[in-house]
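The next block holds one structure in the form of C-alpha cells; read it before the comments.
The values are calculated or read from the model by the stated rules, or taken from the named source; none is laboratory data. These numbers come from a predicted model, not from an experiment. Using ideal geometry, Cβ is built from the backbone for each residue, glycine included, and neighbour counts are taken over all protein chains shown.
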Amino acid sequence: MSGLKEKIEKLQERFDEAIEGITDEKTLQEVRNLYLSRSRGSVSSLFGELKSLKPEEKPDAGKEINALKEHVQDKLQALQTQLHGPKVVEEMVDLTLPGEASYIGSPHPILIIQQEIENIFLSMGFSVEEGPEIETDYYNFEALNFPPHHPARDDWDTLYINDDFLLRTHTSPVQIRVMEKRKPPIRIITPGKVFRKESPDPTHLPMFYQVEGLVVDRGITFAHLKGTLESFLKVLFHEKTKVRFRPSFFPFTEPSAEVDIGCTVCNREDSACRVCGGGGWIELLGSGMVDPQVLKNVNIDPEEYSGFAFGLGIDRAAMFLYQIPDLRYFYENDLRFIRQFLQK
Ligand code: DAH
C-alpha cells in the first residue's frame, strides 16, 4: 500500500507540473489522454493495481486514487474554462457583432410596374377592379361584340378549358362585368393575368399581364382618351415621351387606335435599334371609343353615354422601362434577376 501511495503522490506532482503553462487545446487534450484515457491513462491504470492489494487495504487505496482522479479532472476542467471561457459564454449571443442580414424578398418587377400604373390612375380618379381569369365565351368575346365564329376571334389565340369555359385572353371582359353591375360615371382600371396559346419567345408568353382601362360618362370624347393616355404615358415613362395614335381595329371599340411611344432606348435616332427595329416607335396599347353595341349589351344607353377604353401589356411596359430584352426573364424565378428591382 505504501508503494501505491507514493505512486499516487508522484503522479499528482507530475500532473501538476505537466499542466503548468498549457495554453492550447491540443496539449490539454494530450495531457487528458495521458492521465485519464480509459485504457492507457496513468490514473486509470492505478485502479488495476488495486487487485494486488490486501482486501483491508483496498478501500483506502481506492479513495486515494479517486481523489487523484478528481483532482486531475478538476484541474483539466479549470484549464479548459481558462482557455475558452465557460461553455455558457461560448453559446451567448455577442450583440456587438454585425447582424446577419436575411433576405426577405423583393417585389417582382412586373408588380412594381403594375403598382406604378395603378398609382397614376388612382391619382386621376380611377378605381382598381378585378375579374376572374376563367371566363365564359360571353364575357371574353360575345358581349365585347365578337359574334360567334367571327374571324376577329382568331386574333386572340384562345385556350379553352371546355365548351363553356376558357382562360381569358384579355382583361376586357372585366369592362362588361363592371358595367353590368354599375351605372356611369365609371372610371376603372383592371390589372390581371391573361392567357394565350403562344409558344414562349422573347416577346410572347402563354401567360402575361394586362391592365384594362374604361371610362364611361356623358360627353366622353376621343379627346379625353388622348389626353388621359398621353398624361399617363408621360408620367410612367418620361415627360418628354412622344406619343402617337394609329388607326386600328378592335370589335369592342369604334373608332379604335393603337398607341405607340417614341423608342425609349434610341430616342428615335438609331436606325439599327434592337428595341424598335429602327422604326423609332414602340407599340404599347390598344384603345378606342367603346362601341355603342357594347354599351347596349350592358343596358347603358349609347345615346346618353359614351366612353373610351384601353388595354396595355404590363410585362411589355416593364420590358421597356427596365430595358429587359426577353420577356422570359420575368418568369424564370432567378433571384439574381429579381433582386435587381428593389427600387426603380
Ligand atoms: N383587349 C385588347 C387586346 O388584348 C387590348 C385593348 C384594345 C383593350 C382596345 C381595350 C381597347 O380596352 O379599347 O389586345
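Points to keep in mind about this one:
- Annotation note: Cβ proximity below 8 Å between a residue of segment 289-301 that is of a type in the set (Asp, Glu) and a residue that is part of a helix (DSSP H, G or I) and within 15 Å of the ligand (Cβ to nearest atom) (sequence gap 6+ or interchain) occurs for ASP301/LEU295.
- Cβ-Cβ contacts under 9 Å between residues 6 or more apart (or on different chains), taken from a first residue in segment 144-161 that is closer than 21 Å to ARG177 by Cα and in contact (Cβ under 8 Å) with a residue 60 or more places away in the chain to a second residue that is aromatic (Phe, Trp, Tyr) and outside any helix (DSSP H, G or I), are listed as LEU144/PHE250; LEU144/PHE252; ASN145/PHE250; ASN145/PHE252; PHE146/TRP156; PHE146/PHE252.
- For segment 207-224, taking the residues that are within 14 Å of the ligand (Cβ to nearest atom) and outside any strand (DSSP E or B), the one that is surrounded by the most Cβ atoms within 10 Å (Cβ to Cβ) is identified as ILE220.
- Candidates ARG246, ARG316, ARG268, ARG274 - the one that is in contact (Cβ under 8 Å) with a residue 12 or more places away in the chain and at positive phi: ARG268
- Among the residues listed as HIS204, HIS238, the single one being modelled with pLDDT under 95, within 16 Å of the ligand (Cβ to nearest atom) and under 30 Å from PRO109 (Cβ atoms): HIS204
- Of all the criteria given as (1) without any contact (Cβ under 8 Å) to a residue 12 or more places away in the chain; (2) small (Gly, Ala, Ser); (3) within 10 Å of the ligand (Cβ to nearest atom), the one not satisfied by SER256 is (1).
- Residues that are within 14 Å of the ligand (Cβ to nearest atom) and either outside the structural domain of PRO202 (by TED's automatic domain parsing) or among the hydrophobic types (A, V, I, L, M, F, W, C) (or both) were ranked within segment 299-330; the one that is farthest from GLU212 (Cα to Cα) is ALA317.
- Qualifying residue in segment 178-190 (condition: without any contact (Cβ under 8 Å) to a residue 60 or more places away in the chain and either among the hydroxyl-bearing types (Ser, Thr, Tyr) or farther than 23 Å from GLU118 by Cβ (or both)): no
- Yes/no for ARG177 being among the charged types (D, E, K, R), crowded, with 18+ Cβ neighbours inside 10 Å, over 26 Å from CYS276 (Cβ atoms) and over 27 Å from the mean Cα position of the chain (by Cα): yes
- The test for being over 25 Å from TRP156 (Cβ atoms), acidic (Asp, Glu), more than 16 Å from the ligand (Cβ to nearest atom) and at pLDDT 95 or above does not hold for GLU269.
- Candidate set: segment 272-293, residues that are over 31 Å from the mean Cα position of the chain (by Cα) and at pLDDT below 95; chosen: the one surrounded by the fewest Cβ atoms within 10 Å (Cβ to Cβ): ALA272
- Unique match (being farther than 19 Å from MET289 by Cα and within 13 Å of the ligand (Cβ to nearest atom)) among THR136, THR158: THR158
- Taken as a whole, the condition of being at pLDDT 95 or above, closer than 27 Å to ALA318 by Cα and over 35 Å from the mean Cα position of the chain (by Cα) applies to PHE222.
- Selection status of SER106, surrounded by 15 or more Cβ atoms within 10 Å (Cβ to Cβ) and either aromatic (Phe, Trp, Tyr) or farther than 30 Å from PRO173 by Cβ (or both): yes
- ASP334 being closer than 30 Å to GLY219 by Cβ and of a type in the set (D, E, K, R): no
- Residue in segment 325-333 that is modelled with pLDDT of 90 or more, of a type outside the set (Asp, Glu) and buried (at least 19 other Cβ atoms within 10 Å of the Cβ) present: yes
- Residue within segment 283-293 that is part of a helix (DSSP H, G or I), within 27 Å of PRO151 (Cβ to Cβ) and out of contact with any helix residue (DSSP H, G or I) (no Cβ under 6 Å at 6 or more places or on another chain) present: yes
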